[in-house]
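Structure, as structure tokens:
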């Protein structure tokens with residue numbers, strides 16, 4: 001099968017709130033509004049909705065976490081799951097068992113307003129293998145070991161991907177680690193992804209998580225990536241494309257993934 005090679009220069013940003021670092025992005029101002037960070041995943045299992053309210057989207061104002069909301073998810077199989085607030089602004093369910101090919105509909109009731117979103121859990125695309133090589137570095141790339149991931153894109157199917165990189169069990173969460181792409185130019189091909197901009201040392205354990213998104217989720221992450229690349233001094237862009245209704249910001253994403261790990265050796 002013909003092999004295509006992707007050399008991706010990646011951009012990262014932490015999402016709404018939590019333990020991940022906030023990166024200052026010059027976005028359009030927004031009145032205080034609901035912000036949703038919703039994840040529903042098969043592997044590793046995750047069923048979590050974070051609700052907050054900010055005066056300026058991803059700005060410097062203090063994040064107000066939303067308590068006491070009613071959060072439910074209904075599947076296209078007519079299953080309904082209530083998400084329970086486990087800590088301030090975080091809602092989870094241990095009853096839902098996400099299934100590939102199923103569409104999930106989120107409903108949030110808070111402060112006499114209703115917000116909805118929909119996402120389909122696409123089948124996981126597996127990583128074929130990982131390997132690594134030593135690179136002496138050039139330009140602004142550092143010397144060190146670089147990992148390559150291989151996968152085969154399903155033919156004649158629209159696919160949308162995100163990659164996360166973990167070094168010694170810690171997520172690499174800097175501006176050169178945010179990786180999203182689609183298969184418009186690689187449909188049905190065997191792909192080699194060279195993760196330049198991420199160097200490792202002998203003894204490091206590197207895990208690659210290969211995430212399959214639906215189109216709406218991809219649009220959110222892709223526009224977010226574009227926003228952090230706006231040239232300094234340019235006009236403030238629109239906020240990232242949200243799939244949440246009623247003027248809310250953020251995203252609700254059902255996704256599947258595959259994870260492979262390699263230990264760097266000489």
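Would you please give the FRET efficiency between residue 78 and residue 155, computed as 1/(1 + (r/R0)^6) with r the Cβ-Cβ distance and R0 = 35 Å, to the nearest 0.05?
After rounding, the FRET efficiency stands at 0.60.
Based on the alpha-carbon set only, what is the convex hull volume of the range 66-109 divided per residue, in Å³?
In the range 66-109, the Cα hull volume divided by residue count equals 67 Å³.
If you rank 169, 258 by fewest surrounding Cβ atoms within 10 Å, what's the result?
169, 258
For the range 140-216, place one equal point scatterer on every Cα, skip the solvent, and apply the Debye formula. What is log10 of I(q)/I(0) at q = 0.11, 0.16, 0.22 Å⁻¹?
Those come out to -0.32, -0.64, -1.06, one per q.
Take the Cα radius of gyration of the range 118-161 and divide it by 2.2 N^0.38 Å, with N its residue count; two decimals is plenty.
Computed over Cα atoms of the range 118-161, the ratio equals 1.71.
Cut-off is 10 Å between beta-carbons; in what order do 82, 148, 184 appear when sorted fewest neighbours first? Provide the component values of the computation, followed by the final result.
Working: 82 12, 148 18, 184 8.
If I rank by nearby Cβ atoms, fewest first, I get 184, 82, 148.
In whole angstrom, how far apart do the alpha carbon centroids of the range 138-183 and the range 187-217 sit?
3
Listing 146, 63 from the residue with the fewest other Cβ atoms within 10 Å to the one with the most, what is the order?
63, 146
Please list, in order, the residues from the range 172-211 whose amide nitrogen is less than 11 Å from a point placed 7 Å along the Cα→Cβ vector of residue 141.
Counting backbone N atoms under 11 Å from the label point, the list is 194-199.
How are the Cα pair distances of the range 101-190 distributed, in percent, across 10 Å bins from 0?
Once binned at 10 Å, the Cα pair distances of the range 101-190 give 11, 30, 31, 17, 8, 2.
Kirkwood-based Rg over Rh for the range 134-266 (C-alpha set), two decimals?
Dividing the radius of gyration by the Kirkwood radius yields 1.00.
We did not get these values from a lab; they are worked out from the coordinates using the rules stated. Since the structure is predicted, the reported quantities are computational estimates derived from the model, not experimental observations. Heads up, the Cβs are rebuilt from the backbone with ideal geometry, glycines too, and the neighbour counts pull from every protein chain shown.
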